[in-house]
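Colleague: Following this message is one structure expressed as structure tokens.
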Amino acid sequence: MNPSRRNFLKKSAIAASAISSLSVVPENVWSSEFAPSDKVNVALIGCRNMGFGILRHHLDTGMVNCLALCDVDKNILNERAQTVKNDYGQESQLYSDYRKLLERIDIDAVIIGTPDHWHCLIMVEAAQAGKDVYVEKPMANTIGECNIMVKAAKRYNRVVQVGQQQRDNKVFKDVMGLIKSGEIGTLRKVNIWANFNYGLGSTPKPDSPVPEGVDYDFWLGPAPKRPFNENRFHGSWRHFWDYGGGLMSDWGVHLLDMGIWAKDLTEGPETVITYAENLSRKTMHRDSFDTMNVIFPKKDYVINWDMTAGIQQGPFDSSYGVQFIGEKATIVADRYKYHLSPEWDGAKDAPKAEEVSYTKGHESHRQHVDNFLECIKTREKTSCPPEVGRAAALHAHIPNIAARVGQPVLEWDDEQSRFTNCEKANELITPEYRKPWKLPEV
Ligand SMILES: NC(=O)c1ccc[n+]([C@@H]2O[C@H](COP(=O)([O-])OP(=O)(O)OC[C@H]3O[C@@H](n4cnc5c(N)ncnc54)[C@H](O)[C@@H]3O)[C@@H](O)[C@H]2O)c1
């Protein structure tokens, strides 16, 4: 890093800590000081699974220093630190409290790989401290928190990438190109399916002592206090409303995002029609529903969501996918391939579009990280900015809310961020944080 930038960073970090107390917002805190050749100093908060994968993609670029790692499970923290040292030759400072890490003025960006119930608080505090943020999807566990995060990114002028990596996936980028250039004609429907065994949750286990090295109270953070249960902890927390939204939000934000990207929508849905049930006979430990069908009527097309947890087979021999139905052709896509099947033009005795097949796609976390790092330097908007993360999250959270309050049709006023036909649903927009944690105000 060049010395002038280092000085500038110090100044901006001091400015940033003043920002959090005074709420003064700087314009482009250090944009002009970032040379393309500068390494970006990052820190990872939440190290076990996806967060660490995303950190690896950062380090693989060769353009990143990992200055710090933070986790409330010391076992994970030490193991990951050793891996960073072995695989990348970098020594990171270790933290169990992210607030201490955020005090460091030499950290440019943080990666948030915690469970969903922590995303909002850590993202907002990181933004207030002048850090850019890569926050895993879903952007937050509730609609209210998503709203706060959109405001925070704007107010503190931060580059934020939400971890919906399909926005940088070659297959889906090409598919969007075909749709937007009119190749499939007027888009009428987007059918999405997601069938995964893991969505059923885990077999029931009794509560147990907190494992050695884990600060469980910190892991719970703003979520309600509960006895420790392995099923509600590492990895499987996603099936419980306090921390996640089940398969509906876990895969929903990725796939529904494709439905809204097709028309570049960045708002929540107006009307949501939800069927949700538990149809599996297996006794499993979870809050979320195993079977959900949701209709999102849009102005000039419709998105259909079809989800079955405990089943791994799906249409076109794929457990998940997206079918874009246009008047000239239909495209079926997943992360690795797509196929465009044309409609037949009887009058011309010819296909209405050219048949195309592509089978060389791959996971796109690395491309999503590349985009984040580039935007840190250019101060451009990322490929998945907070308003997109919010829109996708709302398409997943609203059906879950409908299911939880037992109201199949919900009407949503996106500007007011309120349901207009169900007060019980409005009660689930914003979570009540457990003290001493406070819902951030921006
Ligand atoms: N983009 C994708 O394709 C994708 C895939 C999987 C998971 N994810 C997302 O990544 C996030 C993490 O999921 P996961 O499967 O890695 O979960 P995980 O349970 O495996 O890991 C979460 C880690 O965060 C730590 N943690 C919890 N609270 C913390 C806190 N306050 N401070 C520091 N560390 C804390 C835990 O101890 C754990 O090590 C979730 O939001 C999930 O939805 C995204």
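Residues checked against (1) more than 19 Å from the chain's Cα centre (by Cα); (2) in contact (Cβ under 8 Å) with a residue 12 or more places away in the chain; (3) open to solvent by 30 Å² or more (accessible area, probe 1.4 Å); (4) closer than 23 Å to His395 by Cα:
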position: Arg158; (1), (2), (3), (4): no, yes, no, no
position: Ser181; (1), (2), (3), (4): yes, no, yes, no
position: Ile184; (1), (2), (3), (4): yes, yes, no, no
position: Val190; (1), (2), (3), (4): yes, yes, no, yes
position: Phe196; (1), (2), (3), (4): no, yes, no, yes
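Colleague: Can you run down the residue pairs with Cβ atoms below 6 Å, 6 or more apart or on separate chains, where the first is in region 333-344 and over 14 Å from Leu255 (Cβ atoms) and the partner is open to solvent by 40 Å² or more (accessible area, probe 1.4 Å) and of a type in the set (A, V, I, L, M, F, W, C)?
Modeller: Going by the 6 Å Cβ cut-off, the qualifying pairs are Leu340/Val356.
Colleague: Of Glu354, Glu343, Glu270, which residue is surrounded by 14 or more Cβ atoms within 10 Å (Cβ to Cβ), closer than 17 Å to Thr186 by Cα and of a type in the set (Asp, Glu)? Break it down into steps so the answer makes sense when it comes.
Modeller: Numbers: Glu354 fails: surrounded by 14 or more Cβ atoms within 10 Å (Cβ to Cβ); Glu270 fails: closer than 17 Å to Thr186 by Cα.
Of the residues listed, the single one that is surrounded by 14 or more Cβ atoms within 10 Å (Cβ to Cβ), closer than 17 Å to Thr186 by Cα and of a type in the set (Asp, Glu) is Glu343.
Colleague: Same structure again: Looking at Ala152, is it closer than 28 Å to Val214 by Cβ, over 15 Å from the mean Cα position of the chain (by Cα) and crowded, with 22+ Cβ neighbours inside 10 Å? I'd like the intermediate steps shown before the answer.
Modeller: Values: closer than 28 Å to Val214 by Cβ: no; over 15 Å from the mean Cα position of the chain (by Cα): yes; crowded, with 22+ Cβ neighbours inside 10 Å: yes.
Against the criterion (closer than 28 Å to Val214 by Cβ, over 15 Å from the mean Cα position of the chain (by Cα) and crowded, with 22+ Cβ neighbours inside 10 Å), Ala152 does not qualify.
Colleague: If I ask for residues that are near the ligand (Cβ under 8 Å from one of its atoms), surrounded by fewer than 24 Cβ atoms within 10 Å (Cβ to Cβ) and over 19 Å from the mean Cα position of the chain (by Cα), which ones from region 41-76 would you list?
Modeller: Residues satisfying the conditions are Asp73, Ile76.
Colleague: Give region 93-128 a look and list any residue that's more than 21 Å from Pro211 (Cα to Cα) and open to solvent by 20 Å² or more (accessible area, probe 1.4 Å), or say none.
Modeller: Residues satisfying the conditions are Gln93, Arg99, Lys100, Glu103, Arg104, Ile105, Asp106, Glu125, Gln128.
Colleague: For region 225-244, state whether one or more residues are within 12 Å of the ligand (Cβ to nearest atom) and over 26 Å from the mean Cα position of the chain (by Cα).
Modeller: No: zero hits.
Colleague: Scan the strands (runs of 3 or more DSSP E) fully inside region 61-176 and keep the ones with 2 or more residues being farther than 27 Å from Ala391 by Cβ.
Modeller: 64-70, 93-95
Colleague: Hey, any hits in region 319-334 for a residue that's crowded, with 21+ Cβ neighbours inside 10 Å and farther than 22 Å from Arg188 by Cβ?
Modeller: Scanning region 319-334 turns up no residue that is crowded, with 21+ Cβ neighbours inside 10 Å and farther than 22 Å from Arg188 by Cβ.
Colleague: Pick from Thr291, Thr274: which is more than 24 Å from Ser417 (Cα to Cα) and among the β-branched types (Val, Ile, Thr)? So that I can check it myself, show each step before the final result.
Modeller: On the way: Thr274 fails: more than 24 Å from Ser417 (Cα to Cα).
So the residue among Thr291, Thr274 that is more than 24 Å from Ser417 (Cα to Cα) and among the β-branched types (Val, Ile, Thr) is Thr291.
Colleague: Mind listing just one residue for me: the one in region 425-441 that is within 15 Å of Ala223 (Cβ to Cβ) and touching an Asp or Glu at 6+ places or on another chain (Cβ under 9 Å) and, of those, least open to solvent (accessible area, probe 1.4 Å)?
Modeller: Of region 425-441, the ones within 15 Å of Ala223 (Cβ to Cβ) are 428, 430-439.
Filter once more, so that each one left must be touching an Asp or Glu at 6+ places or on another chain (Cβ under 9 Å): 430-431, 439.
Values: Thr430: 64, Pro431: 39, Leu439: 54 Å².
Only one residue tops the list, namely Pro431.
Colleague: Are any of the residues in region 284-302 in contact (Cβ under 8 Å) with a residue 40 or more places away in the chain, in a loop (DSSP other than H, G, I, E, B), open to solvent by less than 10 Å² (accessible area, probe 1.4 Å) and touching a Ser or Thr at 6+ places or on another chain (Cβ under 7 Å)?
Modeller: yes
Colleague: Can you run down the residue pairs with Cβ atoms below 8 Å, 6 or more apart or on separate chains, where the first is in region 39-58 and farther than 17 Å from Gln93 by Cβ and the partner is within 11 Å of the ligand (Cβ to nearest atom) and part of a strand (DSSP E or B)?
Modeller: Matching pairs, first to second residue: Arg48/Asp73; Ile54/Leu44; Ile54/Ile111; Ile54/Tyr134.
Colleague: Name the single residue that is most open to solvent (accessible area, probe 1.4 Å) among those in region 82-92 being over 21 Å from His365 (Cα atoms) and within 16 Å of the ligand (Cβ to nearest atom). Full working, then the answer.
Modeller: First, the residues of region 82-92 that are over 21 Å from His365 (Cα atoms): 82, 85-86, 89-92.
Then keep just the ones that are within 16 Å of the ligand (Cβ to nearest atom); that gives 82, 92.
Details: Gln82: 95, Ser92: 22 Å².
The qualifying residue most open to solvent (accessible area, probe 1.4 Å) is Gln82.
The values are calculated or read from the model by the stated rules, or taken from the named source; none is laboratory data. In this text, all values refer to a predicted model and were calculated from it rather than measured experimentally. Note: ideal-geometry Cβ built from the backbone for every residue, glycine included; neighbour counts use all protein chains shown. What goes into the accessible areas is simple: the full protein's heavy atoms, side chains included, and nothing from ligands, DNA or RNA. Shrake-Rupley method; radii C 1.70, N 1.55, O 1.52, S 1.80 Å.
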